[in-house]
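Scroll down for the structure; my scribbles are underneath it.
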Amino acid sequence: MRIGMQINYAGGFTASVADIVELEKAGLDIVFVPEAYSFDAVSQLGFVAARTERVEIASGILQLYTRTPTLTAMTAAGLDFVSNGRFTMGIGASGPQVIEGFHGVRYDAPLGRTREIVEICRQVWRRERVVHDGKYYKIPLPAGEGTGLGKPLKLINHPVRERIPIMLAAIGPKNVALTAEIAEGWQPIFFHPEKAAEVWGPALAEGTAKRDPALGGLDTSVQVAAAIGEDVAHLADYVRPIVALYVGGMGARGKNFYNELACRYGYEAEAKLIQDLYLDGKKEEAAAAVPAELVNAISLVGPAGHVKERLVAFAEAGVTTLQVTPLQPGTEARVALVSRLRELVG
């Protein structure tokens, strides 16, 4: 099981990268840089690549709608080049609030667009002349839709790899099935090991049945808040506001993917209460309404023995990469956490 960490996109980036340099020495395997509506992830990934030697880098995630498919492919090839083959391209649909609200782009057909973008990216990386006649993307642009002067082109540079790993962020059944079919990696959120098979098993099986064996096994990368020690149980409460934000505030009533996930986990009443409180501006009450059972299931907080048991549960549920969010501040604490997890994972 790989140990990874996500850089906070809200600030302190330079200090975070300085930490990554130390964490790399402690055994950190991969670092994820998100892209919400903060600074872009690409420039930051290039900075991380320049400051590190071994640790893999990943976008977590680039949004489907904000770049053309070929620019997405060019960007990934460039990041793979500057990192000497250490890049994983994480992409996802995000949501209408960000895509339409911040980018002013229509949020539509995430499944169809994802499939076509992946196909186009792999053409670019193979240095084929890009020709794609899809429902959502047509390359070159047909004469009737432009000047008629477009012609098939191939990437000028030779990529480090013609198969850069693609990781898709997905939680809905159709998205998860698509991920298991076409991607090297899967990034769910709020992963509950004991309920994963029930919630995602059928979709994973459906996609895996159509999967190209050349893709290898699916790398399942999950985010977990973590603290190891005899007196850290109270730190699990820091997870509550994050869950409340997503389940309560990431979307509107009737259109919130994370709320739907909580319902699929069996927390229908709690999910409704969290959303009602959050959308009424009662964020602290919403956080308090997050079930302790859910918080404990999706976190790694407690004595080493307890964390070891939870690591086994995650592994048995198919997790291959942990994206760790340290709950104790400071470089020393983060380095100690990664080192301890490295020992416990074995």
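A few remarks follow.
- Spatially close lysines, pair count over the range 112-197: Cα under 21 Å, gap of eight or more or interchain: 5
- Spin-label model distance (nm) - E285 vs E230, 7 Å beyond Cα toward Cβ: 4.0 nm
- Paramagnetic label zone (point 7 Å from Cα along Cα-to-C-beta, A36; backbone N under 18 Å) in the range 54-77: 59-66
- Ellipticity estimate at 222 nm from DSSP helix runs (n ≥ 4, -39,500 (n - 2.57)) divided over the chain, nearest 500: -13000 deg cm²/dmol
- The distance linking the range 47-109 with the range 219-274 is 25 Å (Cα centroid to Cα centroid, whole angstrom).
- If you model the chain as an ellipsoid using its alpha carbon gyration tensor, with each semi-axis the square root of five times an eigenvalue, the axes come out at 33, 24, 19 Å, biggest first.
- Added length on full extension, which subtracts the Cα-Cα distance from 0.36 nm per residue, H306 to E268: 10.9 nm
- Rg/Rg_globular for the range 1-136, with Rg_globular taken as 2.2 N^0.38 Å and Rg from C-alpha atoms: 1.10
- Residues listed by number, the range 55-91, amide nitrogen under 16 Å from I156 label point at 7 Å toward C-beta: 71, 74-75, 77-79
- Nearest 10 degrees, 0 to 90: helix 13-26 Cα axis against the chain principal axis: 80 degrees
- Helix 110-125 axis, angle to the chain major axis (alpha carbon atoms, nearest 10°): 60 degrees
- Of the solvent-accessible surface of the range 255-332, computed with a 1.4 Å probe and all protein chains present, 54% belongs to carbon and sulfur.
- Computed with a 1.4 Å probe over protein heavy atoms only, the accessible surface of the range 287-330 comes to 38 Å² per residue.
- Within the listed set P329, P188, P96, the residue fluctuating most in the Gaussian network model of the chain (springs between alpha-carbon atoms under 10 angstrom) is P329.
- The alpha-carbon of K255 sits under 19 angstrom from the alpha-carbons of these aspartates and glutamates, leaving out residues fewer than 8 places away in its chain: E100, D108, E268, E270, D276, D280.
- Kirkwood estimate for the range 249-346, i.e. one over the average of 1/r between Cα atoms, Å: 15.6 Å
- Acute angle (nearest 10 degrees) that the helix 41-51 long axis makes with the longest principal axis of the chain, alpha-carbon atoms: 80 degrees
- Label-to-label distance, F47 versus T320, with points set 7 angstrom from Cα along the beta-carbon direction: 3.1 nm.
The values are calculated or read from the model by the stated rules, or taken from the named source; none is laboratory data. Being a predicted model, the structure only gives us computed values, none of them experimental. Every residue, glycine among them, receives a Cβ derived from its backbone with ideal geometry; neighbour counts consider all protein chains shown. These area figures cover heavy atoms from the full protein model, side chains too; ligands, DNA and RNA do not enter into them. Shrake-Rupley method; radii C 1.70, N 1.55, O 1.52, S 1.80 Å.
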